[in-house]
1. Would you confirm whether or not the stretch D:289-307 contains a residue that is touching a residue at least 24 places away in the same chain (Cβ under 8 Å) and closer than 19 Å to A:Arg199 by Cβ?
2. Within the stretch D:320-342, is there a residue that is part of a helix (DSSP H, G or I) and of a type in the set (Gly, Ala, Ser)?
3. In the stretch A:292-321, what residues are more than 9 Å from every other protein chain (Cβ to nearest Cβ) and closer than 18 Å to A:Ala22 by Cβ?
4. Could you give me the residue pairs with C-beta distances under 6 Å whose first residue belongs to the stretch D:332-344 and is within 11 Å of chain A (Cβ to nearest Cβ) and of a type in the set (Phe, Trp, Tyr), whose second residue is away from ligand 3 (no atom under 16 Å from the Cβ) and in a helix (DSSP H, G or I) wherever it lies, and which are 6+ apart or on separate chains?
5. If I go through the stretch C:144-171 residue by residue, how many of them are surrounded by fewer than 16 Cβ atoms within 10 Å (Cβ to Cβ) and aromatic (Phe, Trp, Tyr)?
6. Select from the stretch D:356-415 the residues that are among the basic types (Lys, Arg) and over 15 Å from D:Gly39 (Cβ atoms) and write down the one among them that is nearest to ligand 3 (Cβ to nearest atom).
7. Looking at C:Leu141, C:Leu128, C:Leu136, C:Leu176, which one is surrounded by fewer than 17 Cβ atoms within 10 Å (Cβ to Cβ) and in contact (Cβ under 8 Å) with a residue 40 or more places away in the chain?
Amino acid sequence: MLRLGLQTAAVLVVAVLLILVAGANPVEAGYYFVYGIFGNLNGFAEIMVKATPLIFVGLGVSVAFSTGFFNIGGEGQLYMGALVSAMIALWLPAPGFVRVILSVAASFVAGGIWAFIPAFLKNRMGISETVNTIMFNYIATMILGIAIRGFLQDPSDNLPQSARIGVEASLPALLPPTRLHLGFVIAVACALLLWFIMRRTTLGFELRISGSNRRSAFCTGIPVQRSLLLAAVISGGLAGMAGMSELLGVQRRLLENLSGGNGYTAILVALLARNHPLAVVAVSIGFAALQVGANTMQRQMGIPASIVSILTGFIVVMILSKEFVRIYREHKRQKVSVEQV
Amino acid sequence: ACGGSGSGGSASGSGSSGSAGAGEYDAKVALCLVSPANDGAWSSYAYNAVMAAKELYNIDVKYTENVKPTDMEAVFTDYAAQGFDLIIGHSFSFGDAALAVAERYPDVSFAIIDGTVEADNVASYNLKTQESGYIQGVLAAAMSKTGKIGAVAGVEGPAIIKVAEAYKVGARAQNPDIEVMTAYTGSFDDAAKSKEAAQAMIDKGADIIMGGANQSNAGMIKACEEAGVYCMGELDQQSLAPQNVLLCNLSDIENLVAVAVKEVVEGTFSGGIHEYGYADNVLSLTDYGELDGEVPQEVKDLVTETMEKIKSGEIEVPRIEQITND
Amino acid sequence: MSEFLTIGFLTTFLSAAVRTAMPLMCAAIGEDVSEKAGIINVGIEAVMIGGAFFGFAGAYLTDSLLIGFLCGMLGGLLFSMLHAFLSIYMRQDQNVAGVALNLLATGITSYLFMLLVNAYGIPQIPTLSSIPIPGLCRIPLIGEALFNKDIVTYIVFLLIVAMIFFFRRTVWGMSLCSIGENPRAADTVGLPVYRIQYAAAAFNGIMGGLGGAYLLLGQLGVFYENITAGRGYIALAVVVFGKRNPLGIFLASLFFGAADALQFRMQALGITLPTQLFTGLPYLLTALSLLIVAKRNSDPAALGKPYIRTSR
Amino acid sequence: MELLKMKGITKEFPGVIANADVDLTVEEGQIHALLGENGAGKTTLMNILFGLYQADRGEIFWKGEPVRFRTPGEAILHGIGMVHQHFMLVRNMTVLQNIVLGLKPEGYPFLDTKKIAAQLSEVSQRYGLIVDVNKKIEQLSVGEQQRVEILKALYRNAKLLVLDEPTAVLTPQETRELFAILRSLKADGHSIILISHHLAEIMEVSDRITVLRDGRNVATVETGACTESQLSQMMIGRELHTDTVERTAMEPGEATLSIRGLSLSGSRGTPLLDGIDLEVRRGEIVGVAGVDGNGQGYLAETICGIRRQSGGSILYQGKDIAKSGIRERFRMGISYIPDDRHRDGLVLDADVKDNLLLRSYYAAPNAKHGIFQRRQIESSTAAAMEKYDVRAPGLSARVGNLSGGNQQKIILAREIGVEPQLLIAMQPTRGLDIGASEYVHEQLIACRNSGKSVLLISTDLEEIMKMSDRIAVIFSGKIMGVLKNTPDLSVETIGLLMGGHKLEEVRA
Ligand SMILES: Nc1ncnc2c1ncn2[C@@H]1O[C@H](COP(=O)(O)OP(=O)(O)OP(=O)(O)O)[C@@H](O)[C@H]1O
Ligand SMILES: Nc1ncnc2c1ncn2[C@@H]1O[C@H](COP(=O)(O)OP(=O)(O)OP(=O)(O)O)[C@@H](O)[C@H]1O
Ligand SMILES: [Mg+2]
Ligand SMILES: [Mg+2]
């Protein structure tokens, strides 16, 4: 409790310093930060909107992490999911809701495949996924770039973006005029489902055990290869659904930079949530609130966007160092006991 | 020239709370940017323009930098709800957000720079930048001794492509045998790539290069400086290498943003797609700076003449938004 | 197409490849040493941007390239040591620490740059000039690429040679490797595991910082947000592709440099493919190259695992 | 003369007091045995001596001087060498590199391989520690690796050598060689601390014995002045009842397992198993004796389906099971106790319940339609824990935190609890204390007595001779011979087979 208090104080002090040095009034900034979050319905809904992709990718990352697959490829999987959703939503001659449902499924498959490849290479050939998933992010960005300048480009102009997806093939808004959309509900449902799968089903058992000790799992007859690949597919699939949700729920048009770094932020979400699906939801909402508050601050006062990155990074560093006192004591105790010897 | 975002705090005016009454000002203007306000190019133009307008008129100005595509609608909604009179989206990608929010806030004016959207209260303010590409092509072709010139562009998008393509057209109009090399680095950030692309052209014999990659032009200019060849940049990039940068497209976008602000303040704003070029005095070029003595008088005359022809409509510069391969 | 095979083309192409490879080479050599000690830093991009910014600021404020380079290395060191603290002292997941570092470094450098710009306007610095080595620089084809470069390039070349020797012939190189393979074994023979890990991370910071600083002080002369543009991630791939040995890393970074150099040379020749394909090419090659080297996995056995002496 | 004196050493880990006020005095030129059950605190005490752990309280005197070792490096500097329970070698480095690691050898900082090799051969000749210094550790057998560890300590001029359970991984021959080495070291004035669970070994080689129980000193005695049973009584605090479960006399039934011409090739086509013929019948324990690394592991894994045979046939209850997977074979009644339980048998990060479920989590009544039946699972795993006397804080205790003995009991509960038809037990008592070993043996015999088949694979000849009805000897992937375990069967005969001699030669 004390530690939490101290850490909060430290974050506040850093925030105040950064704002002061940037030449703004910290009290006013604080006012807008809180106002942005609680001041109106719109801000509140925005938090859910921003949390949605984080929940999806965060869940994906947590599944991957708990099976020992270090998936830094959320960004690329998100893009592949968005790409496939866009193709279905724009091209498929079918009623809107059918396109939406197919998009949801297809985005899962596309993101899943994008994670499956590095996972397969890891399992079969021992290629480290850390580097490989990063490369796959760039390759996905490349494919997206080609798509929106080629076969998916909006024919009505020459902009590097797809045509706009009609309302009928979008995720319905839940609370007009805010942007809150069905994607948030789907994300929370995914979290519940994932929690159930990981804790209560034999499938989850296989995933967990295969991640903990492959060899033992294999020797006792658990289908290890299948489990690890499946975990990667689920992981990538959820990230792909984030792409679908951003596309059909928010942007309704495929364009560059759709993700805006959610694939990386989600890694921090999974870390803070300790890979627990329900905690992922809570942490994502926290991250989103931080962003929404900070954005309001920026809009009202022109406080530079970089402050948010610094603060987020700082908070994560603080959380990573939360054991500092314990470890410091451990080291110190060792030294003291040595003195006594 | 570049103010930087740090002065942002002061830009917001003094610390009145969120519901500042519009009454104190003639207008409230919000600017939304896709990159940092101090990127030294694209976003800096717009930032500088609204700050200049603030000096000129009695207006309140706020801005947001680094807006991600998925946040655009949220930012617009927020400003519109606060009763801003003009919301400027400084990239085509704000188009959808503008249309969506404009419907809910019919009293607010939306200006999209370099956009494709229009509505009663939404206007796209576009530049005929192809005209400046054309002129630079003429100049490059006239100045080149090797018969080879180049253009290094950033991300492939119509706004960039149309300049590079017009550059080819202008150069060929001047010298049908000229060889024009173009390269896209795929980034406005990666100056090292811009430098490498320019170097590749220099190695192939190019002796004058045009830049169309915003802040990363710095790399191209660096390559030209090292190789001792001429180049052309944007905004105030002449200062990066005064002995090499012949001229720059001057502050064109700054003028465009200024026009939008002016229209709103003066009550002449109208929805639609507005295009501006040299004839409107929105586009212009810098002078030759320290290289004034190096440019032959007949070349200077040629440039002036071409510009006049464009203004008068005698030359209609084509708008080519797809890369051509010849 | 025949243009590809002229001496002139190849000479300038090789020279460009070396130039483009330099920042990668610096960062990858540092990362290699760090990984040999069991510490993988996916935040090497942050280290590079730190080196780039502080190098730039240092050179700008003091008008000295030397001080600039020192500041750059110090900047890289700073970020690398934060990662080292989190992964060695705090025993956190190294990948997570790396991702956090990337976030933090982007924010910090762009914030500081904003302050610098506010104080001084748009800053610009001169860059290193080439020092041709008499005689050698005339060698056809490779003379230009290897012997007509700036001082930092020569130093890095020498460093590569020294690193080859370090790993193959010295007790130090062997000790370093033992820590990434089996830190407990190293501990039980009295090697100061943590100290060596910190030292390796420090070297990584200095080299990554040098790579970032070189990009600015050796090539560009200006700074703005995100100017390293993802080179740190490629450096990670270079380490793997280079099979974690200095010569391999030298060749691998040249390979990636060449891919980049080729891209623009092809565009200049009017060979048109979608430019996204060109910009994505290095990453595609990296992914493919990982496939190629896959058969001999060279990951140190304890890579990425925190060593805790008192646990077992 | 006193070389080392540890006084009042106390060390606490979260929740456990590993050492409580422990004293230990080692004389110069003596072999001092340290004895105690699993978890008694032997390794902890030695780790404190070696600077790996720091004592909470207590003093250490070295040659009469008070000392403090903050790191192993400092202990080494004073002349202490330690061969750890789990070897501390860098697998992909050469013997030579491992030995000089951490030192400033001749030519420092450069590695002068030739000179060092010459110095090393001098040391190794003197004590008969022969290894090829240019080989990589991963190419060495366990016995050779141990030699490297000892050489490593001696090369550092260790005055005191600590050996933590060195014989647990050795064959009788290798153990004998080791003891010869220890004696010559002793003759040279070195002192040795030896940890072992084998009382006979300790009686044979040590001069003095210190017994620990629950982290406390029980006694320090001269070896000559006590008997094995007194020692075991001190260790476990009660009388040891040996051989309570007897192998009942019974006629073995039909063959459960029948292996014909079984072969297995390695990655480069090298034969790992070569034409193995073997039969295990109902109500019989067949022991497989052999020096470690002669294919025992491959044999066990091939029978369980972990590896796929490249030739021959495995008939189980008369059916060829070549096509069956690991899980299928287990469901047909083939259970497996692996030798490396941490690697092959347990998930250390998971809890007791999950480890007990590894084999059967998917099957009714544990799960229906892929969903766990939690109540059912709770009660069945709790019962298994109870029945097999797994001492753990609860079903959700992390298995990695349990002692080796308790970890082994979890495997027994899982593999024997299902009442298999064929039990393959590989090194089932490796590293276990006497009590735990006895328990495992009882379970194996109970299995046999109820008419099941047991294939016991062990490098511990004593265990093989004690447990088996018939004994097969494996050498270099071949079965050298199968012998009935009659009272007149001599250890020498088996030893010769283990050394690669043919049965005909031995009989002749
Ligand atoms: N690193 C550690 N962390 C926590 N507890 C430990 C640690 N090491 C040892 N212990 C505790 O210390 C006690 C003694 O362990 P130790 O390894 O010294 O036993 P031992 O006598 O060597 O047993 P064995 O014969 O099985 O090797 C154990 O019961 C254990 O609870
Ligand atoms: N990391 C740890 N944290 C807490 N307790 C531990 C830890 N490691 C070991 N222990 C404790 O160590 C005790 C004995 O473990 P130990 O590993 O010495 O058993 P063991 O019989 O020697 O096993 P093995 O023969 O496989 O080495 C257990 O009671 C356990 O509680
Ligand atoms: Mg022990
Ligand atoms: Mg033990």
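1. Among the residues of the stretch D:289-307, not one is touching a residue at least 24 places away in the same chain (Cβ under 8 Å) and closer than 19 Å to A:Arg199 by Cβ, which makes the answer no.
2. Initial filter on the stretch D:320-342 (part of a helix (DSSP H, G or I)): D:326-331, D:341-342.
Cutting the leftovers down to of a type in the set (Gly, Ala, Ser) gives us none.
No, because not a single residue in the stretch D:320-342 is part of a helix (DSSP H, G or I) and of a type in the set (Gly, Ala, Ser).
3. Those that are more than 9 Å from every other protein chain (Cβ to nearest Cβ) and closer than 18 Å to A:Ala22 by Cβ: A:Gly293, A:Ala294, A:Met297.
4. Within 6 Å, the pairs are D:Tyr336/D:Cys304.
5. Adding up the residues that qualify gives 2.
6. Just the residues of the stretch D:356-415 that are among the basic types (Lys, Arg), to begin with: D:359, D:368, D:374-375, D:387, D:391, D:398, D:409, D:414.
Those still in the list that are over 15 Å from D:Gly39 (Cβ atoms) too: D:359, D:368, D:374-375, D:387, D:398, D:414.
Working: D:Arg359: 29, D:Lys368: 43, D:Arg374: 36, D:Arg375: 38, D:Lys387: 27, D:Arg398: 19, D:Arg414: 24 Å.
Here the residue is D:Arg398.
7. Numbers: C:Leu128 fails: surrounded by fewer than 17 Cβ atoms within 10 Å (Cβ to Cβ); C:Leu136 fails: in contact (Cβ under 8 Å) with a residue 40 or more places away in the chain; C:Leu176 fails: surrounded by fewer than 17 Cβ atoms within 10 Å (Cβ to Cβ).
Unique residue meeting the criteria: C:Leu141.
Yes/no per residue for (1) buried (at least 20 other Cβ atoms within 10 Å of the Cβ); (2) within 24 Å of D:Glu462 (Cβ to Cβ); (3) under 27 Å from the mean Cα position of the chain (by Cα):
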| position | (1), (2), (3) |
| --- | --- |
| D:Asn217 | no, no, yes |
| D:Thr220 | no, no, yes |
| D:Thr223 | no, yes, yes |
| D:Gln230 | no, yes, yes |
| D:Glu246 | no, yes, yes |
| D:Leu257 | yes, no, yes |
| D:Gln296 | yes, yes, yes |
| D:Glu328 | no, no, no |
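The values are calculated or read from the model by the stated rules, or taken from the named source; none is laboratory data. From a predicted model like this one, the values you see are computed outputs, not experimental measurements. For neighbour counting, all protein chains shown are included, and Cβ atoms are generated from backbone atoms with ideal geometry for every residue, glycine included.
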